Amino acid sequence: MGEHSTILASRGLGKSFGALQVNRNINLDVRLGEALAIIGPNGAGKTTLINQIAGAMRPDEGQILFLGQNITGFPAYRMARLGIGRSFQRTTLFPEFTVFENMRLAAQSQLPGWFHIWRPASGWEDINDAAMETLETVGLAGRSQLAAGALSHGEQRQLELGMALALRPQLLLLDEPMAGMSLDESLRITELLLKLKGTITLVLVEHDMDAVFAIADRIAVLVYGELLAVGDPETIRNDPAVVEAYLGEG
Amino acid sequence: MPSRRILFYAAVLAALGAVPMAVGGFYLEFTNQILIFALFAASLDLLAGYTGLISLGHAAFFGIGAYATAILVELGVVRLVFVLPAAVLLSALAAAAIGALCIRTTGVSFIMITLALAQLVYYVALNSPMTGSTDGMLMFQRPESGLPGIDLENNIHFYYYSLLLVGLSFGIMGRLVSSPFGRALQGIRANEERMSAMGYRAGTYKLTVFVIAGAFAGLAGHLFVNLQFFIDPSSLQWHASGQVLTMVLMGGLGTLSGPAVGAALFIGLEEVISSYTDHWMLPMGIILVLIVLFARGGVVGLWRGIRSKGPWNG
Ligand SMILES: Nc1ncnc2c1ncn2[C@@H]1O[C@H](COP(=O)(O)OP(=O)(O)OP(=O)(O)O)[C@@H](O)[C@H]1O
Ligand SMILES: [Mg+2]
């Protein structure tokens, strides 16, 4: 299909909670290396879509293909190992662990094998270095010894993003990374995502339209569980249906 | 500082090593019993404290280690090189089977299913002709070490045999909890959803630690039956599981020194209180409630709190 290769595709994806159909017949292609933003009103089903791609929820209908492989219904850990990283809309950290230990656990997931018991965790220099490097990337190096739960909200969001980055994913799913951040903080994250752009494929769910239009190569609009439109930012900005359903309100 | 820690543990080990030179008879046996229950409680803490798996069936593996030892000796398999690995292995196998069923559940269901499956093991011990049913089994001899000059029938030799195995076990468990594997367990306890999203297969980790904990409990059971020359089904009943969980809670969840302190405290208090009254469970219960209310991290948590910033500062 043209000059773009597809890293992720959903085919007729559907998900309901009881009588409420939250995702309906979603056919979405994510192109390798692009930054695709998914926008839409509250409750449109964006997080539900991300959860299915990340394996946290099983689709009721349809398929998910990753690099051509059918991965529908794989559990979350397999998605992560395939190279699909995700951050959570509701911050999901280890609040009692230090910031460093949070990041170290993320970096440790990159170790081949899993039954490493003889050397203390602190003795794995590569992992420590990778953790520290990612902390620097998200601007938290100076906070590494604090308990994660003691960070400010914005800092916790930075850590949330960093822990997804530390998995070195091919495809990074970000669910409202800027939610609740100060202007400064969200500008910093925008900058960071712009730097990442091109090195990995980004799927960005975000309500902050400045960030979306700064980062996205293409935008998908989800309304009432259905894909209303997919296109480049200019087209989406001027699409009357999109303006009416979502962009008009803000 | 790790070096100070190691010094501390070396001092504890040296003190324990000196016990047979200071006391014998009842007090030696008493110390030996504390060692065994320290190991049993620490093995449970790998599950309850480190992984967040509150098991109410851990005594089943202790019991299997004990019965395996007694049955083998009764069948004439008296050489320690067979008896010891067999006891540990059988407990580990039982833990693998039971764990495979339990780890699919979480929270209260996990507690209930560990309880139910352990009761199943209890009924087997109660009704099998091999185990002497309610009467239990007497051991007429301890296994033979096969080493010149080491006779486990000698209580001092047996004490050092226990100390060696318990010390080694604590060393291994200490390694385990600070290793990448151990850190992942703690991550699963704190936030399983995030661990899965990072590529950790939580079920594999849980089953593995369940088996490891079962093996150490079996080792404790092996030592216990050798110390007492006796085992009966009450040692693997649910109240035995509750008792070892109490030791962990008293000493402090999520530490290895906690369960050891908890075991010493529990067994010591039981001894003291029961010399005054048969109803030792009531005062013990009150003490436990006080500890849980006023020292959420158990005795060890309280101690660490006092040393850093005062016990009630979170
Ligand atoms: N686990 C669940 N059980 C039941 N209903 C759910 C569940 N998760 C989401 N929903 C419902 O599904 C709908 C879509 O939720 P979702 O979180 O996917 O929306 P969203 O587009 O991410 O919204 P927001 O922009 O507010 O984050 C909402 O009505 C929500 O209440
Ligand atoms: Mg959402």
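Values quoted throughout were computed directly from the atomic coordinates according to the rules given, and no laboratory measurement underlies them. Only a predicted model underlies this, so the values are computations on that prediction, with no experimental measurement involved. When we count neighbours, we look across all protein chains shown, and the Cβ atoms used for this are built from the backbone with ideal geometry, even at glycine.
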Relative to chain A, whose Cα atoms define the longest principal axis, helix A:125-137 and its Cα axis are tilted in degrees, nearest 10, by 50 degrees
Between residue B:23 and residue A:247, Cβ-based FRET efficiency (R0 60 Å, step 0.05) works out to 0.15
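Which shape class applies to segment A:117-179: rounded if a/c is under 1.5, otherwise prolate when a/b exceeds b/c and oblate if not, where a ≥ b ≥ c are the square roots of the Cα gyration tensor eigenvalues?
Numbers: a/c = 2.27, a/b = 1.37, b/c = 1.65.
Verdict is oblate for segment A:117-179.
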Mean ellipticity per residue at 222 nm, deg cm²/dmol - from DSSP H runs of n ≥ 4 across chain A, formula -39500 (n - 2.57): -9500 deg cm²/dmol
Using a 10 angstrom cutoff on alpha carbons, build the Gaussian network for chain B and name the most mobile of B:187, B:25, B:254. B:25
Rule-of-thumb Rg ratio for segment B:22-237 [Cα; 2.2 N^0.38 Å; N residues]: 1.04
Top mean-square fluctuation among B:127, B:226, B:32, Gaussian network model of chain B, C-alpha springs under 10 Å? B:127
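Given a Förster distance of 25 angstrom, what is the FRET efficiency for residue B:8 paired with residue A:119, based on the Cβ-Cβ distance and rounded to 0.05? If you can, show how the numbers build up before the last one.
Numbers: r = 22 Å, r/R0 = 0.87.
Efficiency at R0 = 25 Å is approximately 0.70.
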Stick to Cα atoms and the Kirkwood definition of Rh, then tell me Rg/Rh for the protein assembly as shown. 1.07
Calculate the FRET efficiency for residue B:293 and residue B:151 from the Cβ-Cβ distance with a Förster distance of 45 Å, rounded to the nearest 0.05. 0.40
Report the paramagnetic label zone for residue B:30: residues of segment B:202-235 whose backbone N is under 13 Å from a point 7 Å from Cα along the Cα-to-Cβ axis. none
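For Cα pairs less than 8 Å apart in space and 6+ apart in sequence, what is the mean separation divided by the residue count of chain B, i.e. the relative contact order in percent?
Working: 473 pairs, mean separation 97.0, N = 314.
Relative CO of chain B lands at 31 percent.
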Candidates B:35, B:163, B:236, ranked by Gaussian network fluctuation over chain B, Cα under 10 Å, top entry: B:163
Theoretical ellipticity at 222 nm over chain B - DSSP helices of four or more residues, -39500 (n - 2.57) apiece, nearest 500: -24500 deg cm²/dmol
With a ≥ b ≥ c taken as the square roots of the eigenvalues of the C-alpha gyration tensor of segment A:155-232, please select rounded if a/c is under 1.5 and otherwise prolate if a/b is larger than b/c or oblate if it is not? prolate
Does anyone have the angle between helix A:183-196 and the longest principal axis of chain A? Alpha-carbon axes, 0 to 90°, nearest 10? 90 degrees
